[in-house]
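Notes follow once the structure below has been shown.
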Amino acid sequence: MNIEKREAKNESPETGGFLGAIERIGNKLPDPAVLFIFAMLLTWVASWLLGGYEFEIPKKGGPETQEVANQLTGAALVQFLVDMVKTFTGFHPLGVVLVALLGVGVAEKSGFIDAVIKALLSVTPAMFLTPMLILVGIISHSAADAGYVLVIPLGGVIFYAAGRHPLAGIAAAFAGVSGGFSANFIPSGIDPLLQGITQVGAQILEPTQEVNPLCNYWFTTASSILIILIGWYITDRMIEPRLESTEVDGDPDDMPKMEELTAAEITGMIWGGASLLLGLGVLLILCLPEDSVFRSKGELTSFAAPLMKVIVPLIFLLFIVPGIVHGYVSGRFKSHRDVIKGMSSTMSTMGYYLVMAFFASLFIYSFNQSHLGALLAVKGADVLKSLNLPAQLTIVGIILLCAFVNLVVGSASAKWALLAPIFVPMLMQLGISPELTQAAYRVGDSSTNIITPLMPYFPLVVAFSQRYVKKAGVGTIISLMLPYSLAFLVLWTGFLLVYWGVGLPLGIGS
């Protein structure tokens, strides 16, 4: 779909009240990469002040004595420099993101993702337009950030074409893409990304602890249904009635149109989809035998099973193969150079992430080497135990804290890299598994994505809205998305507590 680029109008949003205060505070915070530098320096100073302090870590075999290691000694600083390159290149989330996006980049640049999304929405009955749009937004998580630049503007296009208010379509799509960020029944790069950080946090207390990349899969799958139902109700019963008096006064020539798929795109999509199904079929056949190379002692879902260790390469293959097929069949790709260009284009957008990952890896290294994480976990657990709060209230507190932090720090991986080394081992001391702590984080992190102007794609949503309603601004979008945010936060939290209380597994190996 060809959508002309247009700069957002420089309208000043309302700066008063609570949301205005959040925006002002957030704008004054340093970049997340700089936050990691400050956190690392703070870790060094704290390790110097507490150097040699001994404490006990409860273990199954009896208490284990550990002491805070001063990271400002000559030996520690030299070792820090010696390990710097290895620390960065061995940072688990780094490889996960880069490998997954290589495949996604080809599928996106070939037009395969675009074609599939437009095909799904074009055949949807009018009464199911809202839930299908939210569903497509949720599915788009598997394609990294493609949902922001593709699904959200398509939401406005489709609603407008159906005679409904386009801002309601944009709001519904935004809710699915960003508000339901951690709801998905298709594994995506965010699963192993968060798992790697969670595992690092868990290993502060238990060096042999392993966390499955799909440790939240059953919960996120069930959450997809919850998010669709909540988003459907709010869009049709609250948002659209409210928008009835809002005039669509955008320039008709500037409003994006829903272009039909060409014959070449349809053919390419069919062949690309067939190659995807073929790949899944081959994988299934390879996994079925008891002596399959993807099994470990006959099991497919154990931590040692090769299938669980190749989730990211599978995401790469299951995107790049149909992407290449679609590209050549549709005529978008003329030679292998176009395939490489698709990969390169995606990697060119990852410069900022590489910088952030570099400093995040160094902070986590220093935090682990100092043993401050273990100390905080033990002391924090002692405080929580002394408060004698029900475990449910502890989980609710974690969710609310993560939701609040998300208002000022947008990156999911950046926040979790800062919080996981503290929360995961701390709650392990209270008998709460790393997998449950990660699930609680995902609920809090997703719910407030859609109401913070500091979210990187928020200005883009404003620009999309101004194509239909010229006066739309930051306040317009926040007011539209606030009902979704509050409903997701309250109902999703309740859903997690019920899910946990019933005793259902959060995911594979959890």
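The values are calculated or read from the model by the stated rules, or taken from the named source; none is laboratory data. It should be emphasised that the depicted structure is a prediction, and the values quoted were computed from it without experimental measurement. Every residue, glycine among them, receives a Cβ derived from its backbone with ideal geometry; neighbour counts consider all protein chains shown.
Between PRO459, PRO505, the distinction of being surrounded by fewer than 20 Cβ atoms within 10 Å (Cβ to Cβ), closer than 30 Å to GLN203 by Cα, out of contact with any Lys or Arg (no Cβ under 9 Å at 6 or more places or on another chain) and touching a residue at least 12 places away in the same chain (Cβ under 8 Å) belongs to PRO505 only.
Residue-wise test of (1) at pLDDT below 90; (2) assigned to a helix (DSSP H, G or I).
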| site | (1), (2) |
| --- | --- |
| VAL312 | yes, yes |
| VAL325 | no, yes |
| PHE333 | no, no |
| SER345 | yes, yes |
| TYR352 | yes, yes |
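In segment 203-233, the qualifying residues are those that are in contact with a Pro (Cβ under 6 Å, 6 or more places away or on another chain) and surrounded by 24 or more Cβ atoms within 10 Å (Cβ to Cβ), and the one that is nearest to GLY176 (Cα to Cα) is PRO213. Would segment 186-206 turn up any residue that is in contact with a strand residue (DSSP E or B) (Cβ under 9 Å, 6 or more places away or on another chain) and not acidic (Asp, Glu)? Checking segment 186-206: at least one residue is in contact with a strand residue (DSSP E or B) (Cβ under 9 Å, 6 or more places away or on another chain) and not acidic (Asp, Glu).
Can you pull out every residue in segment 276-303 that is exposed (fewer than 12 other Cβ atoms within 10 Å of the Cβ) and assigned to a loop (DSSP other than H, G, I, E, B)? The answer is LEU288, PRO289, GLU290, ASP291, VAL293, LYS297, GLY298. All of TYR328, TYR365 fail the test of being under 26 Å from the mean Cα position of the chain (by Cα) and not charged (D, E, K, R), apart from TYR365. Restricting the search to helices (runs of 4 or more DSSP H) fully inside segment 395-510 and requiring at least 1 residues that are within 15 Å of the chain's Cα centre (by Cα) gives 412-428, 434-447.
Taking the numbered list (1) at pLDDT 85 or above; (2) touching an Asp or Glu at 6+ places or on another chain (Cβ under 6 Å); (3) surrounded by fewer than 22 Cβ atoms within 10 Å (Cβ to Cβ) in turn, ARG164 passes all entries but (2).
Within segment 56-67, can one find any residue that is modelled with pLDDT of 80 or more and assigned to a helix (DSSP H, G or I)? No.
When segment 462-495 is filtered for residues that are closer than 30 Å to LEU214 by Cβ, in contact with a Phe, Trp or Tyr (Cβ under 9 Å, 6 or more places away or on another chain) and crowded, with 22+ Cβ neighbours inside 10 Å, the ones remaining, listed by number, are MET481, TYR484. Considering only residues in segment 234-267 that are within 29 Å of the chain's Cα centre (by Cα) and at pLDDT 90 or above, the one that is surrounded by the fewest Cβ atoms within 10 Å (Cβ to Cβ) turns out to be ARG237. Selection of segment 169-195 for residues being surrounded by 24 or more Cβ atoms within 10 Å (Cβ to Cβ) and either within 19 Å of GLN369 (Cβ to Cβ) or among the polar types (S, T, N, Q) (or both) yields SER178, SER182, GLN195. LEU389 passes all but one of (1) surrounded by fewer than 19 Cβ atoms within 10 Å (Cβ to Cβ); (2) modelled with pLDDT of 85 or more; (3) of a type outside the set (Gly, Ala, Ser); which number fails? With (1) surrounded by fewer than 19 Cβ atoms within 10 Å (Cβ to Cβ); (2) modelled with pLDDT of 85 or more; (3) of a type outside the set (Gly, Ala, Ser) applied to LEU389, the lone miss is (2).
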